[in-house]
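Colleague: Structure incoming, see below.
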Amino acid sequence: MLKSKTTTFFSIRLLFLATLMTLISPALNANATNMVIIISHTGYIDSQGYYIVVGELQNMGNETLTFVKVEATYYDSQNNIITTRFDLTMLNKILPGRKSPFLIALLDTAQSAQVHHYNLTVSFSTTSPIPIGLEITSHSSQIDMEGYMHITGEIKNTQTKTAHNVKVIVTCYDEQGKVVAATQTELDPEENYLNPNETKPFELIIGYERAPLVYTYELAAESTEYAVVPEMPPIIIPLVLIILTITIIPWKLKIKSRKSGAHI
């Protein structure tokens with residue numbers, strides 16, 4: 001039953017995207033390589049037998065991008081084209097210098113089983129930038145008993161107008177910095193907005209298949225009106241550095257106390 005619902009959801013989404021891209025195709029910029037780079041990507045077959053391509057691209061230009069379309073062409077072991085699929089990036093508007101993940105699902109198990117390699121192309125349109133008005137004030141992650149990774153946190157509207165259609169996005173990386181998973185979530189579907197200075201919680205879930213591959217992650221967010229404050233990349237402090245810090249600080253304090261004549 002879950003497989004049927006998932007297939008229906010992706011089929012409706014693909015039909016919507018196909019219609020949308022047909023309408024806006026005259027405005028697409030075909031010379032995408034000058035403004036966009038694909039940083040990394042991974043292809044794999046999921047538990048339902050679908051071939052998934054997940055990755056991340058970056059806006060290298062000085063204009064805001066929208067309707068950023070990533071298309072995958074799939075090949076078999078003889079380099080014959082099997083089929084093509086596309087999807088839009090998870091961020092609707094990508095400001096200059098910003099990154100966005102993407103995920104393309106090949107919802108045909110027979111075709112997925114034939115995939116040996118694939119090629120990615122990017123096209124896009126440009127638009128006016130949106131101001132920064134969202135801030136992720138806190139977040140943390142944990143793995144549950146079934147192996148799912150839960151990333152929870154809070155997001156705040158720092159502007160003076162209501163933010164509508166708020167969504168939070170996570171890009172997950174392995175130890176080499178390669179994208180291994182990505183997903184997005186909206187706030188409460190019935191109340192998906194943030195009033196000025198309002199804060200609401202969010203939760204993102206990474207499936208048990210991909211969760212063990214995640215070494216670190218980065219969050220992004222946007223609403224119809226606002227972009228998010230850029231998040232500082234996560235810093236992983238080596239355990240040996242932590243041990244040295246714990247050892248050295250008391251030693252320094254002890255030396256200082258002897259010089260001043262104080263007692264600890």
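All of the numbers you see were taken from the coordinates with simple rules; none came from a lab. All values derive from a computational prediction rather than experimental measurement. Every residue, glycine as well, gets a Cβ built from its backbone with ideal geometry; the counts of neighbours run over all protein chains shown.
Colleague: What ranking do 96-107, 207-218 get when scored by the average of other Cβ atoms within 10 Å per residue, highest first?
Modeller: Top of the packing list down: 96-107, 207-218.
Colleague: Counting alpha carbon pairs within less than 8 Å and at least 6 residues apart, what relative contact order, in whole percent, applies to region 162-202?
Modeller: That works out to 45 percent.
Colleague: Points 7 angstrom from Cα along the Cβ direction at Tyr208 and Gln58: gap in nanometres?
Modeller: Modelled inter-label distance: 3.6 nm.
Colleague: Quick one: net charge around Phe86, please, counting Lys, Arg +1 and Asp, Glu -1 for every other residue with C-beta under 9 Å from its C-beta.
Modeller: For residues surrounding Phe86, the net value is 0.
Colleague: Give the cross-link partners of Lys167 among the aspartates and glutamates, using a straight C-alpha distance below 17 Å as the criterion and excluding same-chain residues fewer than 8 apart.
Modeller: Output for Lys167: Glu135, Glu154, Glu186, Asp188, Glu190, Glu191, Glu198, Glu203, Glu218, Glu222, Glu225, Glu231.
Colleague: So which of Lys69/Lys161; Lys161/Lys200; Lys69/Lys200 end up more than 27 Å apart by C-alpha?
Modeller: From the list (Lys69/Lys161; Lys161/Lys200; Lys69/Lys200), the Cα-Cα distance tops 27 Å for Lys69/Lys161; Lys69/Lys200.
Colleague: Taking 0.36 nm per residue of sequence separation and subtracting the Cα-Cα distance, how much length would be gained by fully extending the chain between Asn165 and Asn119, in nm to one decimal?
Modeller: Full-extension gain reported as 13.3 nm.
Colleague: With a/c under 1.5 counting as rounded, go ahead and sort region 132-228 into rounded, prolate or oblate using the C-alpha gyration tensor (a ≥ b ≥ c being the square roots of the eigenvalues; past the cut-off, prolate if a/b is larger than b/c, else oblate).
Modeller: Here region 132-228 falls in the prolate category.
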